[in-house]
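The values are calculated or read from the model by the stated rules, or taken from the named source; none is laboratory data. As the structure is a prediction and not an experimental result, all values here were calculated from the model. Backbone-built Cβ (ideal geometry, glycine too); neighbour counts: all protein chains shown.
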Amino acid sequence: MSGLEKSSSRRDFLRKMIALVPTVSMAAYLPFSALRTSPAQAQANSPTQAYLPRYFNREEWVFLHAACARLIPADESGPGAVELGVPEFIDREMEGPFGHAATWYMQGPFTSAVPELGYQSPLTPRAVYRAGIAAVDTYCRKMFSNKTFPELPPTEQDAVLTGLEKGTLDFDNISGKSFFGFLLQNTKEGYLADPIHGGNKNMGSWKMIGFPGARADFIDWVDQYGAHYPLSPVAISGRKG
């Protein structure tokens, strides 16, 4: 496949993803007060600002960067998950309602069931991440001469992630497939969500796919079918891309 075809394919894939992960829905993860970003907060969300994880420890943080880099790598069409701060997004989620499963029904009994019947595990998402990362690194040390997942070459990292996704790589204390499901979903969310949540630094993914963001109105463009939209995206905070 040529470079141009790869670029077009990736852009089409991300455009479809943004339809599945509406940016406005991410507001549900934060109280309304958190959506009113002060200038100081906007500066703190700058891609040049160093971020220190609040939930993940050093080894988990390194793993998260390595995994996100393989799920959405940087290429000629645009920045990857790491470049857009997706690990920061996921770390923030671990300390919020999602990470604690604060709005989920978490009482037993827990059993194998179709997805329509809801989440079936006593583990919160943050606990899934902690157990999943530890289990994957332990597996990698046994299989790859004492190397952890971040130390593996990309092809072997992809093989491990594929095993998790297909359910062929599983563990006694954690479902590998469930762990991968959280990891992939949160990576997509962080890549496409409004920057106020920690990812999509400088609205990089929105620029790449031509998404206008949270502009107040589009009245001047309603009747301009097929016209190129020339304005940069706007974040919830009001910052322009």
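Here THR168 meets each of (1) assigned to a helix (DSSP H, G or I); (2) over 18 Å from GLN185 (Cβ atoms) with one exception, condition (1).
Could you count how many residues in the stretch 202-235 are of a type in the set (D, E, K, R) and either outside any loop (DSSP other than H, G, I, E, B) or touching a residue at least 60 places away in the same chain (Cβ under 8 Å) (or both)? Don't jump to the end; show me each part of the working.
The initial filter retains those residues of the stretch 202-235 that are of a type in the set (D, E, K, R), namely 207, 215, 217, 220, 223.
Okay, now just the ones that are also either outside any loop (DSSP other than H, G, I, E, B) or touching a residue at least 60 places away in the same chain (Cβ under 8 Å) (or both), so 207, 220.
Within the stretch 202-235, residues that are of a type in the set (D, E, K, R) and either outside any loop (DSSP other than H, G, I, E, B) or touching a residue at least 60 places away in the same chain (Cβ under 8 Å) (or both) number 2.
Any chance the stretch 191-200 includes a residue that's of a type in the set (Gly, Ala, Ser), in contact with a helix residue (DSSP H, G or I) (Cβ under 7 Å, 6 or more places away or on another chain) and not in a loop (DSSP other than H, G, I, E, B)?
Filtering the stretch 191-200 down to residues of a type in the set (Gly, Ala, Ser) leaves 193, 198-199.
Imposing the further condition that a residue be in contact with a helix residue (DSSP H, G or I) (Cβ under 7 Å, 6 or more places away or on another chain) reduces the set to 193, 198-199.
Within this subset, residues satisfying the condition of being not in a loop (DSSP other than H, G, I, E, B) are none.
The answer is no; no qualifying residue exists.
With respect to the conditions (1) loosely packed, with under 14 Cβ neighbours inside 10 Å; (2) part of a helix (DSSP H, G or I); (3) in contact with a helix residue (DSSP H, G or I) (Cβ under 8 Å, 6 or more places away or on another chain); (4) not aliphatic (A, V, I, L, M), ARG92 falls short on a single one, namely (1). Which residues, taken from the stretch 111-128, are within 24 Å of ILE90 (Cβ to Cβ) and free of Cβ contacts under 8 Å to residues at least 40 places away in the same chain? Answer for the stretch 111-128, where residues must be within 24 Å of ILE90 (Cβ to Cβ) and free of Cβ contacts under 8 Å to residues at least 40 places away in the same chain: PRO115, GLY118, TYR119, GLN120, PRO122, THR124, ALA127. Residue pairs whose Cβ atoms lie under 7 Å apart, sitting 6 or more positions apart in sequence or on different chains, and linking a residue in the stretch 151-178 that is more than 19 Å from ARG130 (Cα to Cα) to a partner that is surrounded by 15 or more Cβ atoms within 10 Å (Cβ to Cβ), are LEU152/CYS140; LEU152/PHE144; PRO154/ARG70; GLU156/PHE144; ASP158/ARG70. Filtered by the rule that a residue be under 19 Å from the mean Cα position of the chain (by Cα) and either among the hydrophobic types (A, V, I, L, M, F, W, C) or in a loop (DSSP other than H, G, I, E, B) (or both), the stretch 156-165 gives VAL160, LEU161, LEU164.
Please specify each residue of the stretch 107-155 satisfying the condition of being surrounded by 14 or more Cβ atoms within 10 Å (Cβ to Cβ) and assigned to a loop (DSSP other than H, G, I, E, B). Result: TYR119, GLN120, SER121, LEU123, THR124, PHE144, LYS147, THR148, LEU152. Candidates are the residues of the stretch 190-241 that are buried (at least 18 other Cβ atoms within 10 Å of the Cβ) and among the β-branched types (Val, Ile, Thr); the one that is modelled with the highest pLDDT is ILE196. Screening VAL136 with (1) touching an Asp or Glu at 6+ places or on another chain (Cβ under 7 Å); (2) closer than 18 Å to LEU169 by Cβ; (3) touching a residue at least 60 places away in the same chain (Cβ under 8 Å); (4) not small (Gly, Ala, Ser) gives one miss only, at (1).
Just the residues that are acidic (Asp, Glu) and under 14 Å from the mean Cα position of the chain (by Cα), please, taken from the stretch 184-241.
Our first condition is that a residue be acidic (Asp, Glu); within the stretch 184-241, this holds for 189, 194, 217, 220, 223.
Selection gives GLU189, ASP194.
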